[in-house]
Amino acid sequence: MNSPPKESSSVPEKDTMASNEIPLVEPTEPPTEKPEHSDQFMSGIKLYTLVFGLGLAVFLMALDMSIIVTAIPIITEKFNSTKDIGWYMSAYLLAICSLQPLSGKLYANFSLKWTFLSFLTLFLLGSILSGAATSSPTLIIGRAIAGSGAAGLFSGTLSILASTVELRLRALYTGILSSLFGVSTVAGPLIGGAFTEHVSWRWVFYINLPIGGLTVAALIWIFHPPIRAIESEPILLRIKRLDLFGAALFIPPVVMILLALQWGGISYPWSSPTIIGLFTGAGVLLILFSLWQYRVGQNGMLPPHILFQRTVFFASLAAMFGMGAQILLGVWMPEWFQAVKGASPTESGVRLLPTMLGQVVASIVSGIMITKLGYANPWLLAGTVLMAIASGLFTTFEVDTGSAYWIGYQALYGLGAGMFLTAPLVAVQAVLGAEDTPVGIAAITFFQMFGGALFSGASQTLFNEKLVKELAKNAPGADVGKLLAAGTTALHKAVTPELFPGVLKSYNTALLAPFYLGAAVTAVSFFCGLGMEWVSVKGKNLMAVDAA
């Protein structure tokens with residue numbers, strides 16, 4: 001049971017923390033309070049310019065997760081690469097998930113400004129390579145490079161925010177940035193469809209360059225953080241703190257798990273040696289990684305005293321399930337509009353506006369209210385409840401469902417998602433000290449990205465299996481392989497008019513399977529949120545930057 005809300009102006013001492021933290025690992029050094037130095041925090045036009053630049057980076061990072069969806073049919077036609085469709089999405093997500101925890105250690109040990117700019121440069125280089133690609137392998141490599149850079153953008157943005165904004169105000173700005181993250185994930189198909197239809201699919205990637213350039217200019221002009229004590233230490237010592245051996249143990253199992261989920265039931269049977277081998281290998285390596293983290297302690301890539309702190313632990317799980325549910329909406333709602341309602345890629349993106357608008361409003365409002373009231377927990381819990389209800393309502397969709405229903409249900413979902421997104425990130429900053437904040441933020445961001453990749457892969461398997469069963473029942477003469485190859489926008493061309501009604505009904509039923517999954521994982525996110533401590537951000541004087 002959670003204790004009733006109470007404000008705290010200091011981080012509890014070790015004896016009181018024991019009852020509030022998950023009893024897996026006790027922190028070696030509980031977060032300590034330091035006097036706040038207001039001159040380290042920004043305000044006015046400088047702060048607004050910096051947040052604008054960082055917001056653009058967050059927008060691009062999340063946009064690249066979904067913008068390619070509507071461009072894939074054109075790309076596969078140009079490169080004759082239908083077999084590589086899965087890699088165009090997964091190469092980016094695999095790189096983000098694999099390198100996310102390492103990015104936190106980089107921000108904790110090296111300059112926030114130049115580490116962020118290095119990640120952004122890598123992201124832009126990958127975008128250039130993707131846009132200029134003349135073959136499918138080149139595009140996949142470009143996507144992987146862009147993902148490697150993107151791995152440090154969201155966590156870096158929040159780490160910079162933590163160094164420039166007082167804790168009590170961070171919820172507001174985190175809400176704004178989180179709303180951009182959510183909106184760009186949903187808006188990706190709309191923007192991608194517009195470029196693909198009216199300009200060129202290559203601008204799906206090139207658009208990152210001018211916008212990213214504005215972020216570079218903002219950081220170079222505005223952001224001049226004080227040199228932290230750790231940045232004056234010998235570089236070899238700081239490299240040792242990165243825990244590169246831990247990264248070598250961590251990256252392969254993450255890739256193996258995501259590949260197994262992507263291939264299982266589609267490229268290989270779940271019982272095949274390939275899938276079993278991937279899961280087994282991932283399990284062994286994760287055990288070795290865990291043992292290594294316990295051995296190196298606070299110098300590890302995911303130090304146990306941070307990861308198993310009660311709020312960080314449960315907030316990470318809540319973020320994984322909650323973001324996984326949101327990615328499902330961004331992927332499958334456009335599919336429903338295109339396959340069942342016959343919308344074009346651009347039209348399907350426009351029809352997602354209720355989700356986007358609800359999310360923007362709720363993210364900003366929840367950020368303001370967290371700032372005023374102090375607690376993130378109520379917003380996480382209320383947000384997941386609304387998301388779960390809306391996901392359940394999505395499962396009632398029929399071929400003839402009217403616009404009033406899908407508009408209303410989406411608006412409800414957007415409000416819930418907006419409330420939810422900010423909460424785990426703010427809660428973690430409220431319980432961690434300055435030196436641990438970048439790693440804690442990176443942990444939350446990793447679980448968000450991993451949840452998105454995990455459940456999008458699982459939903460694809462659910463959809464395919466359900467579609468095969470429904471087609472056998474409603475349109476037994478339809479060629480399943482031909483339908484899947486044709487894509488959702490060309491269903492009517494892939495079957496005879498006599499079979500089309502049965503195919504349409506089958507697609508509608510199959511597309512509901514991911515929404516059932518979304519309702520389930522959102523409910524799990526709610527129960528994970530119950531495990532978080534009630535710690536107020538009001539009255540806390542944690543110094544955001546440990547200056548020399």
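The values are calculated or read from the model by the stated rules, or taken from the named source; none is laboratory data. Predicted, not measured: the structure shown is a model, and the values here were computed from it. Glycine gets a Cβ as well: all are built from the backbone with ideal geometry, and neighbour counts include every protein chain shown.
Scanning the range 153-176 for residues that are touching a Ser or Thr at 6+ places or on another chain (Cβ under 6 Å) and either within 10 Å of residue 58 (Cα to Cα) or not assigned by TED's automatic domain parsing to the domain that holds residue 47 (or both) gives 154, 155.
Filtered by the rule that a residue be touching a helix residue (DSSP H, G or I) at 6+ places or on another chain (Cβ under 7 Å) and either within 11 Å of residue 63 (Cβ to Cβ) or not in a loop (DSSP other than H, G, I, E, B) (or both), the range 208-237 gives 208, 209, 211, 212, 214, 215, 216, 218, 219, 222, 230. Within the set 466, 505, the sole residue that is over 29 Å from residue 97 (Cβ atoms) and in the same structural domain as residue 321 (by TED's automatic domain parsing) turns out to be 505. Tell me whether the range 266-277 contains one or more residues that are of a type in the set (Gly, Ala, Ser), surrounded by 15 or more Cβ atoms within 10 Å (Cβ to Cβ) and within 26 Å of the chain's Cα centre (by Cα). Within the range 266-277 (the criterion being of a type in the set (Gly, Ala, Ser), surrounded by 15 or more Cβ atoms within 10 Å (Cβ to Cβ) and within 26 Å of the chain's Cα centre (by Cα)), the answer is no, since none of the residues qualifies.
Listed here are the residues, each with its yes/no results for (1) more than 19 Å from the chain's Cα centre (by Cα); (2) surrounded by 24 or more Cβ atoms within 10 Å (Cβ to Cβ); (3) under 21 Å from residue 216 (Cβ atoms).
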site	(1), (2), (3)
132	yes, no, yes
169	yes, no, no
178	no, yes, no
198	yes, no, no
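Within the range 495-539, being at pLDDT below 80, in contact with a Lys or Arg (Cβ under 7 Å, 6 or more places away or on another chain) and crowded, with 19+ Cβ neighbours inside 10 Å holds for one residue alone: 537. Pairs linking a residue in the range 223-241 that is within 24 Å of residue 49 (Cβ to Cβ) to a residue that is assigned to a helix (DSSP H, G or I), with Cβ atoms under 7 Å and 6 or more positions apart or on different chains, are 223/50; 223/113; 223/160; 225/112; 225/113; 225/163; 226/40. Would you be able to say whether some residue in the range 63-86 is in a helix (DSSP H, G or I), closer than 27 Å to residue 225 by Cβ, modelled with pLDDT under 85 and in the same structural domain as residue 223 (by TED's automatic domain parsing)? No, because not a single residue in the range 63-86 is in a helix (DSSP H, G or I), closer than 27 Å to residue 225 by Cβ, modelled with pLDDT under 85 and in the same structural domain as residue 223 (by TED's automatic domain parsing). Of all residues in the range 340-359, those satisfying the criterion of being at pLDDT below 85 and surrounded by fewer than 22 Cβ atoms within 10 Å (Cβ to Cβ) are 342, 343, 344, 346, 347, 350. Within the range 293-314, restricting attention to residues that are within 20 Å of the chain's Cα centre (by Cα) and more than 22 Å from residue 106 (Cα to Cα), the residue that is modelled with the highest pLDDT is 314. Looking across the range 232-271, the residues that are small (Gly, Ala, Ser) and closer than 19 Å to residue 465 by Cβ come down to 260, 264, 265, 267, 271.
For the range 244-265, a residue qualifies if it is touching a Phe, Trp or Tyr at 6+ places or on another chain (Cβ under 8 Å) and outside any helix (DSSP H, G or I), and exactly one does: 264.
Restricting 158, 177, 169, 190 to residues that are at pLDDT below 80, closer than 23 Å to residue 319 by Cα and either part of a helix (DSSP H, G or I) or not aromatic (Phe, Trp, Tyr) (or both) narrows the list to 169. Just one of the listed residues (367, 283, 297, 392) is touching a residue at least 24 places away in the same chain (Cβ under 8 Å) and either buried (at least 24 other Cβ atoms within 10 Å of the Cβ) or within 29 Å of residue 172 (Cα to Cα) (or both), namely 367.
Residue-by-condition table, conditions (1) at pLDDT 85 or above; (2) under 16 Å from the mean Cα position of the chain (by Cα); (3) not basic (Lys, Arg):
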| site | (1), (2), (3) |
| --- | --- |
| 415 | yes, no, yes |
| 418 | yes, yes, yes |
| 431 | yes, no, yes |
| 441 | no, yes, yes |
| 451 | yes, yes, yes |
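Here the range 366-377 is the region considered, the condition is being part of a helix (DSSP H, G or I) and within 21 Å of the chain's Cα centre (by Cα), and the residue that is modelled with the highest pLDDT is 377.
Would you mind finding the one in 365, 360, 331, 350 that is under 21 Å from residue 455 (Cβ atoms) and among the hydrophobic types (A, V, I, L, M, F, W, C)? The conditions single out 331. Restricted to the range 193-207, and to residues there that are assigned to a loop (DSSP other than H, G, I, E, B) and modelled with pLDDT of 90 or more, the residue that is farthest from residue 77 (Cα to Cα) is 207.
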